[in-house]
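In what follows, a structure is listed as structure tokens, so that the remarks can point back to it.
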Amino acid sequence: MITDWKNKKVAIIGYGVEGKSSAVYLAEKGAIITILDRQNVSDEIDKLIGNITLRYGDDYLDNLELFDVIIRSPGIKRNISALLKAEKKGIVIISQTQLFFDLCPCKIIGVTGTKGKGTTASLIYEMLKKDEKDVYIGGNIGNAPLDFLNKLTPQSIVVLEMSSYQLQDLTKSPHIAVMLMVTSEHLAPDRNDELHQNYHENLEEYVDAKRNILRFQLSNDYAIINRDYIAANESDTYTDGQVFRVSRERQTEQGCYVRENAIWLNRDGNEIKIINTEDILLPGGHNWENVCASVIAASLIGVSNDSMRKVLKIFQGLPHRLELIANIGGASYYNDSFSTTPETAIAAIYAFSKPEIIILGGAHKGSDFKELGKVISESRNIKAIIGIGLEWPRIKQAIELSSKDFRNKNLLGNNPRKSQYNKNNQKFEIIEGCKSMDQVVRLASTIAESGDVVLLSPACSSFDMFPNYKVRGEQFSEEVRRLQK
């Protein structure tokens, strides 16, 4: 661990949230900082105080051996050739996450998983805050932890949302480690270059990175593991900490679970009912898993059951994650733009029993839509699907393959067009050809009736029609609010 940064020559690869935070923090410690980024971010660098320069362009990763320390931002693959070459020459390579773990004076609660980690981390944070703990939240959720490091005391508690990118080269584990559901995301190429293509080469590497949240725990630490997913459940052998399990399928001896439409906490044989599921504001059975993990973590810190209940009754979730935007004419409009995989779209579909109008499709991510097609074709409450983006034809094909009775019904002009799906006398419309979000929302509103749910849960990334999932979700929310005017 480096304690004296004065005059250390430090390269920070990637000028994102963490890159900027690392530059500011280490410059204050007297380090000589060089930001390495493919883009020219000189306007941003000029605003920073300290000995900070910029190298950008196609050759920005050349001559890394000239530095004492290299700090890798989360989006930069650990095994790119430039980093491996520098490492062979003895250059120290770390991440901001590792740097924070080395310097943090208090307990850390870390949360990871393919989906749900942001919601779970936020729930834990809100529960601790409700109980008046000195708590901070950061990590993948968007707050760089170095930004609040100087505020921490030994009595503070830090909650970190942790991606596989941040965990991959970590050599310490949090005091309380939460491992949620793990599925095969982050494996398909989004960019055609060495830095970004296939960030994880395979599922094994991805899961192994996730397990670093457990791997370095000690006997006085705690691991919270979702037992309903094989990769997570089998991770208990990677920790020396005390294991608690989460389940919405079965009771657990040490952990938290769903039974008889309620959330139950069991510690050392003492079973306590925390809350009825109908009193939890967050929609969807999949969110009960996040609730269970949050309850265990908060309990281990000493949060009262009353504080947990109060939070669960009012916590609405994070933006773009089954976020209720408005109720218009009795129809509820939900923004789930963060759904970029079939698994998350399936969870969103299952979250509601009311008639659903679903907006599906987006950019290519290498996903398999077979299970999504099966869920849709067998659903009894889907009223309509609005298909958009490059991947919609593949999703539609998956629906077709799940039924022998799929037929085009009619055309509405040149664009968009409708077809009708019919299986077991369950009918829903398919609308395709929309080119913009305002067209999508307006069409959805013409179908929606009182009691319906209009759900943006694309199951795909956004890059064909939108810069990112946030812009996609913001446009949806803006168009929905326009309906109220």
Exercise. How many percent of the accessible area of the range 11-87 is carbon or sulfur, using a 1.4 Å probe?
Worked result: 47
Problem set entry | Cα gyration tensor, the range 1-143 - rounded (a/c under 1.5), prolate or oblate | prolate
Exercise. Rounded to the nearest 0.05, what FRET efficiency do residue 218 and residue 318 have when you use their Cβ-Cβ distance and R0 = 25 Å?
Worked result: 0.20
Seminar exercise, completed: Summing -39500 (n - 2.57) over every DSSP H run of at least 4 in the chain, dividing by its residue total and rounding to the nearest 500, the 222 nm mean residue ellipticity is -8500 deg cm²/dmol
For this session: Please sort 169-181, 285-297 by packing, taking for each peptide the average over its residues of neighbouring beta carbons within 10 angstrom, highest first.
Result: 285-297, 169-181
Exercise. Taking the Cα atoms only, what angle lies between the long axis of helix 17-28 and the longest principal axis of the chain, rounded to 10 degrees?
Worked result: 20
Problem set entry | Accessible surface of the range 255-394, 1.4 Å probe, proportion on carbon and sulfur as whole % | 49
Exercise. If you average 1/r over every pair of different alpha-carbon atoms in the range 110-179 and take one over that average, what Kirkwood value in Å do you get?
Worked result: 12.4
Exercise. Taking only protein heavy atoms and a 1.4 Å probe, what accessible area per residue, in Å², does the chain have with all protein chains in place?
Worked result: 44
Exercise. In what sequence, largest accessible area first, do 68, 336 appear using a 1.4 Å probe?
Worked result: 68, 336
Problem set entry | Distance histogram for the range 239-373 (every C-alpha pair counted, 10 angstrom bins, percent rounded to whole numbers) | 11, 36, 31, 18, 4, 0
Problem set entry | Normalised alpha carbon radius of gyration of the chain [divisor 2.2 N^0.38 Å] | 1.03
Problem set entry | Karplus 3J(HN,Hα) series, Hz, for the range 57-73 with 6.51 cos²θ - 1.76 cosθ + 1.60 (x for Gly, Pro) | x, 5, 9, 5, 9, 6, 6, 5, 5, 7, 9, 7, 9, 10, 10, 8, 6
Seminar exercise, completed: Sorted list, accessible surface of protein heavy atoms, 1.4 Å probe, largest first, for 54, 214, 84 is 84, 54, 214
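The values are calculated or read from the model by the stated rules, or taken from the named source; none is laboratory data. Note that this is a predicted model, so its numbers are computed, not measured. Positions of Cβ are generated from backbone atoms using ideal geometry, with glycine treated the same way; all protein chains shown enter the neighbour counts. Note: areas computed on protein heavy atoms with side chains; ligands, DNA, RNA excluded. Shrake-Rupley method; radii C 1.70, N 1.55, O 1.52, S 1.80 Å.
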